[in-house]
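Undergrad: I have a structure I would like to understand better, so I am pasting it below and will then ask my questions one at a time.
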Amino acid sequence: MSSRTHVDVPAPGRIRPFTPPRVETTRVGPGVPFTVARMPRIPLVTLNLLLDASESVVGVDDAGLAVFTGRALEGGTARRSASELAEALESIGTAVSVHTGWDATVIGMTCTADRTLEAFDLLAEMVLEPAFPADEVERLRNQRLAQIEHELADPRTLAGHSAARLVYAEGEPYGRRLSGERATVSRMDPERLAAFHARAYRPAGAAVVAAGDVDADALAARIEDRFAGWTGVGPGRPALACAPRSAEPRVWIVHREGAVQSEIRIGHVGASRATPDFFALRVFNEILGGLFSSRLNLNLRERHGFTYGVRARFDLRRNDGPFLVSTAVETAVTAAAVREALSELRAMVGDGPTDEEVESARDYMAGVFPLQFETGGQVANQVGRLWVYDLPEDEYDLYRDRIRAVTTDAARAAGRAHVHPERAQVVVVGDADAIRADLEALGHGPVEVVEPG
């Protein structure tokens, strides 16, 4: 049964006006988009270089190669060893962060405004002249292999990987570990990294974002100088099939003998960031499993006491990312928790949210939106998302108005279009001997026990 426990909450205050930082985009060097968000209040600058060198562009035999290449950038350049590079970064009071995901690689650093040009010089050196020394590659390879063993032993991480593997068809990129599998990581060597770098780290498929107290003219001139000889076209943005492993509902148990808790994931292939239902779907999901007062949380946590918390999330990527409900419960209540979660999914899709729920979710989302733009780093990341997902420059100016314009009917329609409990895959990491019979009794498709992997 659907749980709609009444919760008294204070009336929201008036939503304060908010204007995101202005952005200006030009093209520099070999045609690279250069976007500046001026925030002169604090003398800091965040620099991000974005590339289409994502994990989506590598084949199954090279899984993890894009992530590995990004991590190896700090291993040294043609001019400096790893320790010399670290010292150079430390001398100007900054550090490099490299994040490679399914949609892009982002290489970033934050420094004081007077060190901006020096910081960009080091960033450009790392990106244009990486050395990939054998000893550093070996260190990273051993580190990643050890990390995989840890992931197999950690129920929460194992549940996330298992859900991806069992939601997506075999061979689909989104069904594998972002950072690679044992077999593919074991093959990483300087030659593979150098070849991927030569193919993917290209100006056609790159962008620079600077946020903070930026001297835009001086930085543009430095980018022109450093990128003058940079040429070539990157791998682009592939359209992935994102096929499901099964079109029918199924239950998968990833066996962990003696486990006293079960990690539960329920979901299916979801939507992409480009979905026209983006704003309505976000409101729907907050009501379902995003807010603390969400339907799922009120049921599984407040009404039944099964869990400390449960979440639902659409991972909206360039291609169709997963929709997953996630929670952890004691072994004895595993099947009951799955039953209630599926019940809430069916109720939300069938009846949709109430006017009161939609109004509350809209107000909350509009109210907290400015918190994503408090620092230069946050602004640079948000501006970078415009490039990653081909969004217009006024996306954030109109964001709150679009959220507040979502109607109950629109939220209901978005949920029905994108949430499908009738074909949801249930993935449970737990003790199969203790939970299998009860999960079979739910009648949610066949139950299969699989090994961790």
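Taken together, the values in this text are just the output of simple stated rules run on the coordinates, not laboratory data. Values in this document were obtained by computation on a predicted structure and should not be read as measured data. Don't worry about glycine lacking a Cβ; one is built from the backbone with ideal geometry, like all the others, and counts go over all protein chains shown.
Undergrad: Taking amide hydrogens as modeled 1.01 Å from N in the peptide plane, which residues meet the under 5 Å criterion relative to Val449, leaving out close sequence neighbours?
TA: Sorted by chain and number, the residues that satisfy this are Ile253.
Undergrad: Using a 10 Å cut-off on Cβ atoms, rank the peptides 265-278, 177-190 from the highest mean neighbour count down.
TA: Put in order of decreasing packing, that is 265-278, 177-190.
Undergrad: Calculate the dipole size of the stretch 284-407 relative to its Cα centre from +1 charges on Lys and Arg beta carbons and -1 charges on Asp and Glu beta carbons; express the result in debye to the nearest 20.
TA: 460
Undergrad: OK, next. What angle, in degrees between 0 and 90 and rounded to the nearest 10, separates the Cα long axis of helix 216-226 from the longest principal axis of the Cα atoms of the chain?
TA: 80
Undergrad: Under a point-charge model restricted to the Cβ atoms of Lys and Arg (+1) and Asp and Glu (-1), what is the dipole moment magnitude of the chain relative to its Cα centre, in debye to the nearest 20?
TA: The calculation lands at about 620 debye.
Undergrad: While we're looking at this one, here's another question. Once both axes come from the Cα atoms, what is the angle between helix 432-441 and the longest principal axis of the chain, in degrees from 0 to 90, rounded to 10?
TA: Here the helix axis deviates by roughly 60 degrees.
Undergrad: Given only helices, namely DSSP H runs of n ≥ 4 each adding -39500 (n - 2.57), what is the per-residue ellipticity at 222 nm of the chain, to the nearest 500 deg cm²/dmol?
TA: -12000 deg cm²/dmol
Undergrad: Which whole-angstrom value gives the distance between the alpha carbon centres of the stretch 118-167 and the stretch 297-371?
TA: The two parts, judged by their Cα centres, are 31 Å apart.
Undergrad: To continue, here is another question. Which label belongs to the value computed from this structure, given these candidates for mean projected area of the Cα convex hull in nm²: (1) 25.0; (2) 20.2; (3) 21.8?
TA: (3)
Undergrad: Hey, another quick one. Relative to the longest principal axis of the chain, what angle (0 to 90°, nearest 10) does the C-alpha long axis of helix 334-351 take?
TA: Its long axis makes an angle of about 80 degrees.
Undergrad: Give a residue-ordered list of calculated ³J(HN,Hα) values for the stretch 255-271 (Karplus: 6.51 cos²θ - 1.76 cosθ + 1.60, θ = phi - 60°; whole Hz; x for Gly, Pro).
TA: Each residue's phi maps through the Karplus curve to give 6, 10, 4, x, 4, 9, 10, 10, 8, 10, 10, 10, x, 6, 4, x, 10 Hz.
Undergrad: Per residue, what volume in Å³ does the Cα convex hull of the stretch 183-277 take up?
TA: Spelled out: Cα convex hull of the stretch 183-277, divided by residues, is 283 Å³.
Undergrad: Please report how far the C-alpha centroid of the stretch 402-446 lies from that of the stretch 181-195, rounded to the nearest whole angstrom.
TA: With the stretch 402-446 and the stretch 181-195 each reduced to a Cα centre, they are spaced 37 Å.
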